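The values are calculated or read from the model by the stated rules, or taken from the named source; none is laboratory data. All figures in this text were calculated on a predicted structure; none of them were measured in a lab. All Cβ positions, glycine included, derive from the backbone under ideal geometry; neighbour counts span all protein chains shown.
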Amino acid sequence: MADKITVHDPRGYPPKVTGKRLAPRPLSLDGKVVYLVDCLFDNSAVFMEQLKDWFAARLPNVEIRGIKPRESWVDDPAMRAEIEANGDAAILGVGL
Amino acid sequence: MALEQGGVPSVAVHTHAFARLARSVARANGMPTTRQAFVPQPVVGRSPAELRAYIEGTDPVSKRPFAQEIIEGLTQPLAAEDVSGLSFERSTPRLLPPDTEDNLRQLFLDSQWTDFQPIVLPTEERVEAMLRGTSHDRNEIVGRLRPTVYRELWEFTVEKVAVNAVMAGAKPEYLPVILAMAASGVSGRSSSTTSQATVAIVNGPIRDEIGMNYGVGAMGPYNHANATIGRAYGLLSQNLQGGSVPQETYMGSQGNHLSYNAMIVENEAASPWVPFHVQHGRKPEQSTVSLLLGGWYTIFGGGPRETWQEKFTRSLQACDPYTGPVIALDPLVARGFRDLGFDTKEKLIDWCVEHARLPAREYWDNQWIQTLAHPRAVAGIEPYASMLKAAPDEMIRMFRANDIHVVVVGGETGAMWKMVGGGPRLTIVDIDPWR
């Protein structure tokens, strides 16, 4: 029978994860302001434009506003503040 | 997820190829029930009509109508787990349960803790020996790494770096270089879909002290220190940052051979110019490792011959405009350029900046320029804002001087050069503090 040996675990130390709640949902989007957040990936602006048209055709009572961060992959607190102040919901996208 | 915390119900739209990654990130952020909707991959290159069909079609992950996922994601009442989120602590032990060598080797393979080449098992004795390569305490925190900005940072100690150095087959005297690379905050296992690799340039006295190769075959598998330091950097990156597992913590579509090893050790003595680290403000007697997250391409040439300007211009134009090249010159080539009047690296870099030009329409059509530089141009950030004003056929500069790097490496058996994809951000780390 082969001898047993002890070796080190090669992994680093992950951070503690703290649970975060989702925001309360409205019962309906009627009359609400929904921000479409273009995350600036290539062609995501075109996708968001199509999503805006889809809302106009299918859910015309929803007010759609387009918005984009100042730079790709960088948090934009001003953009988030605007959405939080004036929006009822947000759709973000879209990746590669 | 930040918007949800700000009180705004949100749905994030991804392409289906990122489903596993998106869920993993949501969980690691304590919000595993984050509402997500998926469209088919890709979005890039699809026409407005095709994208409209995505919106009116089926979410390829949930198999339900995409629009229904969006509307319900924003309006369905929250369940208990949506309100509580998910809190948990993960820990990794210092030592693994004792087992046979064969079983431990299989565990390391199954856990994706290796690069699938044979490793040296990090026994307590071997790690102890490795730790003699530094004066630092084993429990000292070296730094934090992650595979991408979207993921959480994992932390690690001197001992954890030593463990990975043992696995790579490194010697204790290499540990200060490996610790410096670990402390850089730059991963050697980036998760980028572009399959980035991290190019590492070593300078200073440590090169000779530990027997690194900057001569014949320097960029190939012909030296123990070069090979095992480069490998250790890859292994420590994947293990200390929380993994480099395809479709979860690694999304590079094609992968990159340079991820095995992308060490460049400068041949300072044979170079007609100041060493790379001295260019960047260090003293010759200091030792450094300089990291560039890139490695997308390699272009080869010889010379400088009579037509070198045409060859260099074409080669520079073939480089990706988002990541300027590291121009690695054999000493014969470097001295050839000096004899042509380039008596500093900066003069050669300036020549490259001036001659590396693309039509504006081609520059702005590049996917990464479009994704990363175009928003800066629209926001008025220079030099991109001015470049955006160019007419479509105007030849505009691809690079600024700090995008291009020149390093002298090789053993003078041939007057050869390479342009290797660098990266948009240079990180230089001092090795001496890690001795």
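General observations
- If the condition is being touching a Gly at 6+ places or on another chain (Cβ under 7 Å) and not in a loop (DSSP other than H, G, I, E, B), then the range B:88-143 contributes only B:Gly143.
- Scanning the range B:145-199 for residues being within 12 Å of chain A (Cβ to nearest Cβ), among the β-branched types (Val, Ile, Thr) and not in a helix (DSSP H, G or I) gives a total of 5.
- Matching residues, the range A:45-73, being farther than 19 Å from B:Val8 by Cα, within 10 Å of chain B (Cβ to nearest Cβ) and in a loop (DSSP other than H, G, I, E, B): A:Leu59, A:Arg70, A:Glu71, A:Ser72, A:Trp73
- Meets criteria (assigned to a loop (DSSP other than H, G, I, E, B) and buried (at least 21 other Cβ atoms within 10 Å of the Cβ)) for A:Asp42: yes
- Exactly one residue out of B:Ala318, B:Ala270 is within 22 Å of the chain's Cα centre (by Cα) and either within 23 Å of B:Trp434 (Cβ to Cβ) or surrounded by fewer than 22 Cβ atoms within 10 Å (Cβ to Cβ) (or both), and it is B:Ala318.
- Scanning the range B:84-129 for residues that are more than 9 Å from chain A (Cβ to nearest Cβ) and farther than 13 Å from A:Val7 by Cβ yields a total of 8.
- A:Arg21 out of contact with any Ser or Thr (no Cβ under 6 Å at 6 or more places or on another chain), closer than 25 Å to B:Tyr150 by Cα, at the interface with chain B (Cβ under 7 Å from one of its Cβ atoms) and free of Cβ contacts under 8 Å to residues at least 24 places away in the same chain: yes
- Considering A:Ala89, A:Ala85, the condition of being touching a residue at least 24 places away in the same chain (Cβ under 8 Å) and either surrounded by fewer than 20 Cβ atoms within 10 Å (Cβ to Cβ) or within 15 Å of the chain's Cα centre (by Cα) (or both) is satisfied by A:Ala89 alone.
- So B:Ala26, is it at pLDDT below 95, farther than 21 Å from A:Ala90 by Cβ and hydrophobic (A, V, I, L, M, F, W, C): no
- Within the range B:414-435, the residues that satisfy the criterion of being at pLDDT 95 or above and out of contact with any helix residue (DSSP H, G or I) (no Cβ under 9 Å at 6 or more places or on another chain) are B:Lys418, B:Thr427.
Yes/no matrix, rows are residues, columns are (1) exposed (fewer than 15 other Cβ atoms within 10 Å of the Cβ); (2) over 28 Å from A:Asn43 (Cβ atoms):
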{"site": "B:Thr15", "(1), (2)": "no, no"}
{"site": "B:Arg20", "(1), (2)": "no, no"}
{"site": "B:Val39", "(1), (2)": "no, no"}
{"site": "B:Arg52", "(1), (2)": "no, no"}
{"site": "B:Arg105", "(1), (2)": "no, yes"}
{"site": "B:Asp110", "(1), (2)": "yes, yes"}
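- Within the range B:382-394, the set of residues being surrounded by 14 or more Cβ atoms within 10 Å (Cβ to Cβ) and not small (Gly, Ala, Ser) comprises B:Tyr384, B:Met387, B:Leu388, B:Glu394.
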